[in-house]
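*Asks:* Encoded as structure tokens, here's the structure I'll be asking about.
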Amino acid sequence: MLELLQRLLSLDWRRHGAAMREVRLLRSRVWYADFAHRPEPPARRPRPVVAAPAVGDRTGGRAARAPTLVLVHGLGASATSYYPLIPRLRRHFRVVVPDLPGHGWSRPPRGRDWLLFPELVDVAEAFVQRIAPRGAILVGNSMGGWIVAKLAARRPELALGLALLNPGGPALRAEDWTDFARILYAEDRAVMGEYFRRLFHSPPLGLRLFTRDFQRIMRGPAVSALVASLAEDDFVAQEELERVRCPSVLAWGESDRLIPQGCRDFYLAHLRDVRYEPIPTCGHCPQLECPKRTAEILVELLARAPSVEEIEAA
């Protein structure tokens, strides 16, 4: 069922002008959807007799290039988890949405079922370098936030802005993750109902149709084996966050009962230029449950991030 839904959403993206592409990176095949910037047409108004550049316009009246926004999904999810955001975001950005290897349509190297966490970060870095060599605004939900935080610390020049949506990543106490591990490794399908209740403020009724699919994904190697393989250096360290130079925003669905709030507190304590945006009546995936507010937060980040032109002029 879930694969059928992903196919239908991908077809709808293609119908609305997305370019569906695949690129080989570090022996993995990475599928992604690339949405060109599509601004809203301006309201009709009388044409001025003499057109002059706006104050502060460094392009001499030429339209500035829309920045690239890269959306990185979470553990066990796929690019289509950002489906509700795309129409709102492409009014302001070029939007690029990849599947991580082992998720969605992307595949790890031949003979492997999954990648270690550092390998996922390496692939994400190579991907951004390939599709936006002058930098992009990096957005990540859950494990995707963890990945883009690592990337922004490792390659500051590739991160024009950083948006973390209920991110994981900090090495908290083991007991803080007890409930997450219990749900991840549970054999009983009924536990997935608890997983959905922890994931969403108000779980959609239709999720019941996908219980078997989600259980298969969570118990598959791209999730369970990856979690079991995590090492100390994989977690986000204070010294790494201190190397992040770009404007950042931390959006937090306040009804998240899946990951500890200590993750939120860690990022707020150690990211230098971070704005905190709590989202009430919203769970672990703001892009799904509160897409309108999430899109507004990302557009607000655009106003703080340097443009490509400013980067090139520096």
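The values are calculated or read from the model by the stated rules, or taken from the named source; none is laboratory data. Remember, it's a predicted structure, so these values are computed and weren't measured experimentally. For neighbour counting, all protein chains shown are included, and Cβ atoms are generated from backbone atoms with ideal geometry for every residue, glycine included.
*Asks:* Evaluate the range 287-296: report whether one residue or more is surrounded by 22 or more Cβ atoms within 10 Å (Cβ to Cβ) and charged (D, E, K, R).
*Replies:* Yes: one or more hits.
*Asks:* May I ask you to list the residues in the range 15-26 that are under 20 Å from the mean Cα position of the chain (by Cα) and not β-branched (Val, Ile, Thr)? Walk me through how you get there before you give the answer.
*Replies:* First, the residues of the range 15-26 that are under 20 Å from the mean Cα position of the chain (by Cα): 18-23, 25.
Matches in the range 15-26: Ala18, Ala19, Met20, Arg21, Glu22, Leu25.
*Asks:* How about the range 24-43: which of its residues are at pLDDT 95 or above, of a type outside the set (D, E, K, R) and over 20 Å from Pro67 (Cβ atoms)?
*Replies:* Within the range 24-43, Leu25, Leu26, Ser28, Val30, Trp31 qualify.
*Asks:* Regarding Ala237, is this residue under 18 Å from Asp176 (Cβ atoms) and either free of Cβ contacts under 8 Å to residues at least 40 places away in the same chain or out of contact with any helix residue (DSSP H, G or I) (no Cβ under 6 Å at 6 or more places or on another chain) (or both)?
*Replies:* Taking the combined requirement at face value, the residue satisfies it.
*Asks:* How about the range 227-265: which of its residues are of a type in the set (S, T, N, Q) and not in a loop (DSSP other than H, G, I, E, B)? Spell out how you get there, then give the answer.
*Replies:* Narrowing the range 227-265 to residues of a type in the set (S, T, N, Q): 229, 238, 248, 255, 261.
Across the range 227-265, the qualifying residues are Ser229, Gln238, Ser248, Gln261.
*Asks:* Follow-up. Inside the range 138-170, can you point out the residues that are in contact with a strand residue (DSSP E or B) (Cβ under 6 Å, 6 or more places away or on another chain) and surrounded by fewer than 24 Cβ atoms within 10 Å (Cβ to Cβ)?
*Replies:* Residue satisfying the conditions is Pro170 alone.
*Asks:* Which of the residues belonging to the range 61-114 are among the aliphatic types (A, V, I, L, M) and either modelled with pLDDT under 95 or in a loop (DSSP other than H, G, I, E, B) (or both)? Before the answer, list the steps.
*Replies:* The initial filter retains those residues of the range 61-114 that are among the aliphatic types (A, V, I, L, M), namely 63-64, 66, 69-72, 75, 77, 79, 85-86, 89, 95-97, 100.
Matches in the range 61-114: Ala63, Ala64, Ala66, Leu75, Ala77, Leu100.
*Asks:* A follow-up question, please. What's the number of the condition Thr178 fails, among (1) surrounded by fewer than 24 Cβ atoms within 10 Å (Cβ to Cβ); (2) in contact (Cβ under 8 Å) with a residue 60 or more places away in the chain; (3) in a helix (DSSP H, G or I)?
*Replies:* All conditions are met except number (2).
*Asks:* Would the range 140-153 turn up any residue that is at pLDDT 95 or above, outside any helix (DSSP H, G or I), over 24 Å from Ser255 (Cβ atoms) and not aromatic (Phe, Trp, Tyr)?
*Replies:* Of the range 140-153, the ones at pLDDT 95 or above are 140-153.
Filter once more, so that each one left must be outside any helix (DSSP H, G or I): 140-142.
Narrowing the set further to residues that are over 24 Å from Ser255 (Cβ atoms) leaves none.
No, the range 140-153 has no match at all.
*Asks:* Tell me yes or no: at least one residue of the range 192-215 is in contact (Cβ under 8 Å) with a residue 40 or more places away in the chain, out of contact with any Phe, Trp or Tyr (no Cβ under 6 Å at 6 or more places or on another chain), within 17 Å of Phe117 (Cβ to Cβ) and buried (at least 17 other Cβ atoms within 10 Å of the Cβ).
*Replies:* no
*Asks:* I've got another one for you. So, of the residues in the range 260-308 that are in contact with a Gly (Cβ under 6 Å, 6 or more places away or on another chain) and of a type in the set (A, V, I, L, M, F, W, C), which turns out to be nearest to Trp146 (Cα to Cα)?
*Replies:* Among those that are in contact with a Gly (Cβ under 6 Å, 6 or more places away or on another chain) and of a type in the set (A, V, I, L, M, F, W, C), it is Cys263.
*Asks:* Taking Val49 as meeting all but one of (1) of a type in the set (Val, Ile, Thr); (2) at pLDDT below 95; (3) under 30 Å from Arg212 (Cβ atoms), write down the number of the exception.
*Replies:* (3)
*Asks:* Considering every residue within the range 269-284, establish whether at least one is surrounded by fewer than 17 Cβ atoms within 10 Å (Cβ to Cβ), part of a helix (DSSP H, G or I) and over 19 Å from the mean Cα position of the chain (by Cα). Steps first, answer last, please.
*Replies:* Pass one, the range 269-284, residues surrounded by fewer than 17 Cβ atoms within 10 Å (Cβ to Cβ): 269, 272-273, 275-276, 278, 280-281.
Going one step further and asking which of them are part of a helix (DSSP H, G or I), we end up with 269.
When the remaining residues are screened for being over 19 Å from the mean Cα position of the chain (by Cα), the result is 269.
Yes - at least one qualifying residue is present in the range 269-284.
*Asks:* Moving to a separate point now. Can you tell which of Val299, Val249 is farther than 26 Å from Arg198 by Cα and under 17 Å from the mean Cα position of the chain (by Cα)? I'd like the intermediate steps shown before the answer.
*Replies:* On the way: Val249 fails: farther than 26 Å from Arg198 by Cα.
Selected residue: Val299, the only one of Val299, Val249 that is farther than 26 Å from Arg198 by Cα and under 17 Å from the mean Cα position of the chain (by Cα).
*Asks:* Right, next: Starting from the range 14-41, take each residue that is over 21 Å from Ser106 (Cα atoms) and list its partners that are part of a loop (DSSP other than H, G, I, E, B) and aromatic (Phe, Trp, Tyr), counting only C-beta distances under 8 angstrom and pairs at least six apart or across chains.
*Replies:* These pairs meet every condition: His37/Phe93.
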